[in-house]
1. List the residues whose amide H sits under 5 Å from the amide H of L121, counting only those 5 or more places along or on another chain, with H placed 1.01 Å from N in the peptide plane.
2. Read phi for every residue in the stretch 96-103 and hand back ³J(HN,Hα) as whole Hz from Karplus 6.51 cos²θ - 1.76 cosθ + 1.60, θ = phi - 60°, with x for Gly and Pro.
3. Using the Kirkwood radius over C-alpha pairs as Rh, can you work out the diffusion coefficient of the stretch 18-154 via Stokes-Einstein at 10 °C, viscosity 1.306 mPa s, in µm² per second?
4. When the chain is fully extended, how far beyond the present Cα-Cα distance does F80 get from R118, taking 0.36 nm per residue of separation?
5. List the residues, sorted by chain then number, that are 5 or more residues from E97 or on another chain and whose placed amide H is less than 5 Å from its amide H.
Amino acid sequence: MRRTSVSCTKGMSEFRPGEPQDLKEPQLCIRVAAMPSDANAYGDIFGGWLMSQIDIAGSVVAIQAANGRVATVAVKEMRFLKPVSIGDLVSLYGRLERMGNTSVTVKVEAYAEREVDRNKLQQVADAIITYVAVGDDRQPRALNAPLHQLAEDF
Ligand SMILES: CC(C)(COP(=O)(O)OP(=O)(O)OC[C@H]1O[C@@H](n2cnc3c(N)ncnc32)[C@H](O)[C@@H]1OP(=O)(O)O)[C@@H](O)C(=O)NCCC(=O)NCCS
């Protein structure tokens with residue numbers, strides 16, 4: 001059966017460790033099944049669970065852009081578009097929106113493959129999150145001053 005196509009998959013890049021990544025292209029950051037412990041008594045997944053996944057997914061892009069440690073400083077916009085249910089398989093895609101002096105802004109989109117119908121794929125949420133590159137002292141660090149150099153043979 002044909003899958004519902006989503007704009008997010010257009011030009012989607014696959015992460016390969018050690019290879020340069022176009023962070024402006026959406027990349028799959030997390031794929032996770034929603035569990036009963038993430039839901040209320042009606043089987044609806046808590047918004048906080050999805051917010052947490054979105055924050056972690058965005059940080060995957062931010063860490064690459066900042067070449068090291070980041071802290072979430074602001075969630076500019078968070079939209080819950082459709083409910084998520086137990087057993088849904090949630091995929092979170094992140095792409096770099098903007099790089100400032102010390103901050104990185106990432107757009108994250110979440111899609112659910114429905115447990116009741118695996119061929120049904122729906123966007124369930126999106127968010128724009130800003131992260132700040134920080135040093136060991138937890139203070140902002142310039143993006144052109146990486147925390148550490150990646151090992152050449154990584
Ligand atoms: C992140 C933190 C180190 C930033 O320190 P700060 O003194 O506020 O930093 P600055 O005011 O110098 O701002 C740093 C950057 O963040 C950006 N920024 C700060 N607040 C922002 C906001 N509300 N929205 C968007 N960007 C913001 C600034 O524009 C700046 O970006 P730029 O350097 O690219 O121009 C500090 O706020 C902090 O530790 N916050 C807690 C982070 C945390 O614990 N997050 C997890 C929560 S559980």
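Taken together, the values in this text are just the output of simple stated rules run on the coordinates, not laboratory data. Computed from a prediction, not measured in an experiment: that's the story for all the values here.
1. Residues meeting the amide H criterion: T4.
2. Karplus-based 3J(HN,Hα) across the stretch 96-103 equals 6, 9, 7, 10, x, 6, 10, 10 Hz.
3. Values: Rh = 15.7 Å.
Result for D is 101 µm²/s.
4. Details: separation 38, 0.36 × 38 = 13.68 nm, distance 2.05 nm.
Going from the current span to full extension adds 11.6 nm.
5. The list, which skips near neighbours in sequence, is T105, V106, K107.
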